[in-house]
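The values are calculated or read from the model by the stated rules, or taken from the named source; none is laboratory data. The structure displayed is predicted, hence computed values, not measured ones. A quick note on method: Cβ atoms are made from the backbone with ideal geometry, for glycine too, and the neighbour counts reach across all protein chains shown. Please note that ligands, DNA and RNA were not included when accessible areas were found on the heavy atoms of the full protein model with its side chains. Shrake-Rupley method; radii C 1.70, N 1.55, O 1.52, S 1.80 Å.
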There are 2 protein chains.
Amino acid sequence: MFLHPPDPELARRVAAVVDRWGGTFEVLPAEEWRPTVKGFDGVVVHLTMYGLPLDRVLPRLTRARRILLVVGGAKVPPDLYRLAQYNMAVGHQPHSEVAALAVALERLLGVPGPLAIPGAKQHLLPRARGKRVVGDRGGR
Amino acid sequence: MFLHPPDPELARRVAAVVDRWGGTFEVLPAEEWRPTVKGFDGVVVHLTMYGLPLDRVLPRLTRARRILLVVGGAKVPPDLYRLAQYNMAVGHQPHSEVAALAVALERLLGVPGPLAIPGAKQHLLPRARGKRVVGDRGGR
């Protein structure tokens, strides 16, 4: 994830989760967002309620090798609408950007399964009730 | 939405969005969460990364007339795992509760279309670029 403005504390907290639970997720600082969007080697998809419906845009993304999903805050700079190849709406009323990102990722990749991720120090065993964690529990 | 602890300011802000964009969404205060869960006339589904995979639980919900999705904060009281009919995991690593709720709602209901909602003062016309809002723009 490219984060603008950068937030080193958030990046550190995410890195701690990855260290424990595995995966390759990383928060990279983006002092300027435009070079990241303009220089991206793939398809740039801006998530906005003003865009075209998800079900119209997703079929056009099936052959994309790399996709950059862009979410903005309350006030999105107007040029982002032009710089993105697609403006895609997960819903057409005001909604959480986190929610839009989650639904877009789920539609593109599906939900992650319960298998342990390579490099994980611990993982879950899904249960009908309660909690079950397997592996190194560190300082807990 | 039943919100515990209550947050009148959040309820007011959501009501203002509904007034403008339509819909029936409402934030209700829940001074105590247990009576809401215990007294619910329908299926209670607790969203937690420790639960059973989404794809295993969802087929059991297809005949449910009413569903209460429950999301907790950092520390969920242990009895919620027993009070819920299902503990359902959208993902099995730490993740946003908003993201879990969004994906669960999308799987249950699909994404909302661009049609105007009854009672809406304004709605969007989806566009490939830029913004298009139709209707009363109020004090803007």
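So for the stretch A:79-89 (the condition being among the basic types (Lys, Arg) and out of contact with any Lys or Arg (no Cβ under 8 Å at 6 or more places or on another chain)), does at least one residue qualify? No, every residue in the stretch A:79-89 fails to be among the basic types (Lys, Arg) and out of contact with any Lys or Arg (no Cβ under 8 Å at 6 or more places or on another chain).
What's the total number of residues in the stretch B:19-60 that are among the β-branched types (Val, Ile, Thr) and without any contact (Cβ under 8 Å) to a residue 12 or more places away in the chain? Break it down stepwise before answering.
Going through the stretch B:19-60, the residues among the β-branched types (Val, Ile, Thr) turn out to be B:24, B:27, B:36-37, B:43-45, B:48, B:57.
Checking the rest, the ones that are also without any contact (Cβ under 8 Å) to a residue 12 or more places away in the chain come to B:24.
The total comes to 1.
Looking only at the stretch A:1-16, how many residues end up being open to solvent by less than 80 Å² (accessible area, probe 1.4 Å) and away from chain B (no Cβ under 14 Å)? Residues that pass the stated criteria total 4.
Looking at B:39, B:23, can you tell me which residue is at positive phi and out of contact with any Pro (no Cβ under 7 Å at 6 or more places or on another chain)?
Selected residue: B:23, the only one of B:39, B:23 that is at positive phi and out of contact with any Pro (no Cβ under 7 Å at 6 or more places or on another chain).
Looking only at residues in the stretch B:79-98 that are modelled with pLDDT of 95 or more and more than 7 Å from chain A (Cβ to nearest Cβ), which one is farthest from residue A:128 (Cα to Cα)? That would be B:97.
Taking only the stretch B:16-72 into account, find how many residues are more than 13 Å from residue B:86 (Cα to Cα) and in contact with a helix residue (DSSP H, G or I) (Cβ under 6 Å, 6 or more places away or on another chain).
Here is the first cut: in the stretch B:16-72, the ones more than 13 Å from residue B:86 (Cα to Cα) are B:16-36, B:38-41, B:62-63, B:65-66, B:72.
When the remaining residues are screened for being in contact with a helix residue (DSSP H, G or I) (Cβ under 6 Å, 6 or more places away or on another chain), the result is B:25, B:27, B:30.
So the count comes out to 3.
Of the numbered criteria (1) away from chain A (no Cβ under 11 Å); (2) in contact (Cβ under 8 Å) with a residue 24 or more places away in the chain; (3) over 21 Å from the mean Cα position of the chain (by Cα), the one residue B:122 fails is (1).
Residue A:101 meets each of the listed conditions (1) more than 11 Å from every other protein chain (Cβ to nearest Cβ); (2) in contact (Cβ under 8 Å) with a residue 40 or more places away in the chain; (3) touching a helix residue (DSSP H, G or I) at 6+ places or on another chain (Cβ under 9 Å) apart from (1). Note on the stretch B:21-69: residues that are at pLDDT 95 or above, of a type in the set (Val, Ile, Thr) and under 27 Å from residue B:113 (Cβ atoms) amount to 5.
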